[in-house]
1. Restricting attention to the stretch A:44-56, and to residues there that are near DNA strand C (Cβ under 10 Å from one of its atoms) and under 11 Å from the mean Cα position of the chain (by Cα), which single residue is surrounded by the most Cβ atoms within 10 Å (Cβ to Cβ)?
2. Pairs needed: first member in the stretch A:28-44, more than 15 Å from A:Arg66 (Cα to Cα); second member anywhere, away from DNA strand D (no atom under 11 Å from the Cβ) and polar (S, T, N, Q); C-beta distance under 6 Å; at least 6 residues apart or different chains.
3. Identify, please: which residue in the stretch B:44-85 is over 20 Å from B:Asp27 (Cβ atoms) and within 10 Å of another protein chain (Cβ to nearest Cβ) and is, among those, modelled with the lowest pLDDT?
4. So in the stretch A:1-43, with the set limited to residues that are away from DNA strand C (no atom under 12 Å from the Cβ) and not in a helix (DSSP H, G or I), which one is surrounded by the fewest Cβ atoms within 10 Å (Cβ to Cβ)?
5. Give the residues of the stretch B:1-54 that are among the basic types (Lys, Arg) and closer than 12 Å to A:Phe9 by Cβ, sorted by residue number.
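The values are calculated or read from the model by the stated rules, or taken from the named source; none is laboratory data. Here the structure is a predicted model, which is why all the values come from computation and not from measurement. Here the Cβ is made from the backbone with ideal geometry for all residues, glycine too, and neighbour counts use every protein chain on show.
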There are 2 protein chains.
Amino acid sequence: METPHDTLFRTLADPTRRALFERLCRDGEQTVGALTAQAGVSQPAVSKHLAVLKTAGLVADRHEGRQTHYSAQLNALAPLIDWTSRMAGFWEGRFDKLEDLLNRMDQ
Amino acid sequence: METPHDTLFRTLADPTRRALFERLCRDGEQTVGALTAQAGVSQPAVSKHLAVLKTAGLVADRHEGRQTHYSAQLNALAPLIDWTSRMAGFWEGRFDKLEDLLNRMDQ
DNA sequence: CCAACCCATAACCCCAGAGTTATACGAAAA
DNA sequence: TTTTCGTATAACTCTGGGGTTATGGGTTGG
């Protein structure tokens, strides 16, 4: 069986795929064509990556006529945050960890 | 060129390797033998994974006699936190995001 | 209806990398 | 010194999965 962490890390490990997800986070909903234009790989490759992202719950698709719009689903990152927090929790106290996060976000 | 995010995600994508890192976070410093005993793979495989983790800065090694002790380096997770925060930042305001993180840590 | 278009799927190639066994190397023990 | 132990490296195999081109399946426009 594959845990949510397995799925997330594996899905985000590929640079091309992660770039697609980042773009959807940055620029919002995009069509496959728009994504392909900047992906640096062929359209079928983009479609496959989007399918993987969808399976992982990281994106959602919306069909409109003959084009498909994809959008990022930020909730799917929750297991990643959980995992990081847990790893951090093994080390330092809760408040230290929080402080770190806040400082990091401030800069 | 490979960004810190690339390295981190790629390194943590493998379940066996991530399990090794998690164990080092949980139980602290461990010898290769101790890690091998629970890894479910051969000792050379464990050594290779540890080498990859070391290259990524996720672990440090300490030689004592004929055994090598490995320990987790939590600082190396910083780019992962940065990345997650940045993705979250594209979506919601800073306070909403913070609230989410706090809620998540509370449970 | 037919053509052009957008996207998904099929079929295939190729290689990075995770696993193995065998072996080399340094340190402790005999 | 010789042997045994702990770990790293070498050499190799093999599978997963990311890339490609070709094609299918709806959808819009002429």
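1. Taking the candidates together, the pick is A:Leu50.
2. What qualifies is A:Glu29/A:Ser71.
3. Looking at residues that are over 20 Å from B:Asp27 (Cβ atoms) and within 10 Å of another protein chain (Cβ to nearest Cβ), I get B:Ser85.
4. The extreme case among them is A:Met1.
5. Passing the criteria: B:Arg10, B:Arg17, B:Arg18.
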